[in-house]
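Novice: This is the structure, below, for whatever I ask next.
The values are calculated or read from the model by the stated rules, or taken from the named source; none is laboratory data. Computed from a predicted model, the values in this text were never measured in an experiment. Cβ placement follows ideal geometry from the backbone for every residue including glycine, while neighbour counts extend to all protein chains displayed.
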Amino acid sequence: MSVVIGKGEFVSLVGPSGAGKSTLIRMLIAEEKPDQGSILIADRDIAVLKSRELPYYRRKIGVVFQDFKLLPAKTVWENIAFALEVSDVSSGEIRERVPKILSLVGLSDKADNYPSELSGGEKQRVAIARAMIHSPRILIADEPTGNLDPETTWEIVELLERIGRSGTTIILATHNKAVVDKLKRRVIAVEHGRIVSDEKVGKYVVPSEIAAKEASA
């Protein structure tokens with residue numbers, strides 16, 4: 001099954017552990033190549049990108065993980081700024097862009113704090129800020145609420161929705177059925193490395209439920 005995800009769409013990517021969600025994400029950020037078929041981003045097959053092109057491509061793709069991946073010895077400001085520093089962005093532009101992204105995620109008052117001084121939800125907001133600092137076209141969130149309590153989970157999901165409304169395409173990989181069902185957004189289900197379902201306004205489903213539905217049709 002082939003799928004097309006449009007600009008500004010919010011898509012939930014679901015499936016059991018080992019279904020292929022993480023592999024799909026690695027292919028989207030050009031860390032792996034598909035065995036067959038192709039992945040087109042802005043009509044370009046990313047599997048044929050040259051090594052020197054990859055850093056520029058990946059700046060267009062923001063990625064957020066369950067375990068935050070923050071640098072413990074750097075402050076919130078420094079964690080976000082570091083993503084710009086390694087891209088040779090000028091110090092003047094860094095001073096201009098970091099406060100804006102901190103405001104977007106609601107952490108302007110935490111700029112000088114270290115990760116150890118933050119709650120789980122605040123750490124994830126920093127991770128989202130870092131992922132958004134290059135104004136990516138696509139934001140991939142891989143189980144971003146897996147370590148968070150229900151209230152904080154919804155705060156993060158609402159932040160992702162707000163980012164999506166600005167035109168960024170959001171791909172949310174999650175096991176959280178409550179989140180997927182409440183979002184009432186597009187749901188793509190993966191199983192055994194294959195896309196088995198694509199519902200425009202879907203709910204969290206598992207492959208056995210899909211199979212049972214098709215058998216009874």
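Novice: How many of the residues in the stretch 139-159 are in contact with a strand residue (DSSP E or B) (Cβ under 7 Å, 6 or more places away or on another chain) and either farther than 19 Å from GLY15 by Cβ or surrounded by fewer than 22 Cβ atoms within 10 Å (Cβ to Cβ) (or both)?
Specialist: The number of residues fulfilling the criteria is 3.
Novice: Just for the stretch 88-123: of the residues that are basic (Lys, Arg), surrounded by 15 or more Cβ atoms within 10 Å (Cβ to Cβ) and within 21 Å of the chain's Cα centre (by Cα), which one is nearest to LYS74 (Cα to Cα)?
Specialist: Result: LYS123.
Novice: On to the next question. Sort out which residues of the stretch 42-52 are closer than 17 Å to ARG26 by Cβ, assigned to a helix (DSSP H, G or I) and not polar (S, T, N, Q), and write them in order of number.
Specialist: Passing the criteria: ILE46, ALA47, VAL48.
Novice: Still on this model: So PRO55 clears everything in (1) exposed (fewer than 12 other Cβ atoms within 10 Å of the Cβ); (2) in a loop (DSSP other than H, G, I, E, B) except one condition, right? Which one?
Specialist: (2)
Novice: So, one more: For the stretch 175-192, how many residues are within 17 Å of LEU24 (Cβ to Cβ) and within 19 Å of the chain's Cα centre (by Cα)?
Specialist: Result for the stretch 175-192: 7.
Novice: For the stretch 61-86, what are the residues that are over 25 Å from GLY164 (Cβ atoms), outside any helix (DSSP H, G or I) and of a type outside the set (Lys, Arg)?
Specialist: LEU71, PRO72, ALA73, THR75, VAL86
Novice: Can you work out which of the residues in the stretch 5-41 that are of a type in the set (A, V, I, L, M, F, W, C) and in a loop (DSSP other than H, G, I, E, B) is surrounded by the most Cβ atoms within 10 Å (Cβ to Cβ)?
Specialist: So, considering only residues that are of a type in the set (A, V, I, L, M, F, W, C) and in a loop (DSSP other than H, G, I, E, B), the one surrounded by the most Cβ atoms within 10 Å (Cβ to Cβ) is ALA19.
Novice: Also, I was wondering about something else. From the list GLU199, GLU214, GLU191, pick out the single residue that is at pLDDT below 95, touching a helix residue (DSSP H, G or I) at 6+ places or on another chain (Cβ under 6 Å) and acidic (Asp, Glu).
Specialist: Result of the check over GLU199, GLU214, GLU191: GLU191.
Novice: When you look at PHE68, is it at pLDDT below 95 and either more than 26 Å from ILE171 (Cα to Cα) or not acidic (Asp, Glu) (or both), yes or no?
Specialist: yes
Novice: Mind checking which pairs have a first residue in the stretch 10-22 that is in contact (Cβ under 8 Å) with a residue 12 or more places away in the chain and under 11 Å from HIS175 (Cβ atoms) and a second that is charged (D, E, K, R) and assigned to a helix (DSSP H, G or I), Cβ under 6 Å, 6 or more apart or different chains?
Specialist: Pairs found: LEU13/LYS21; GLY15/LYS21.
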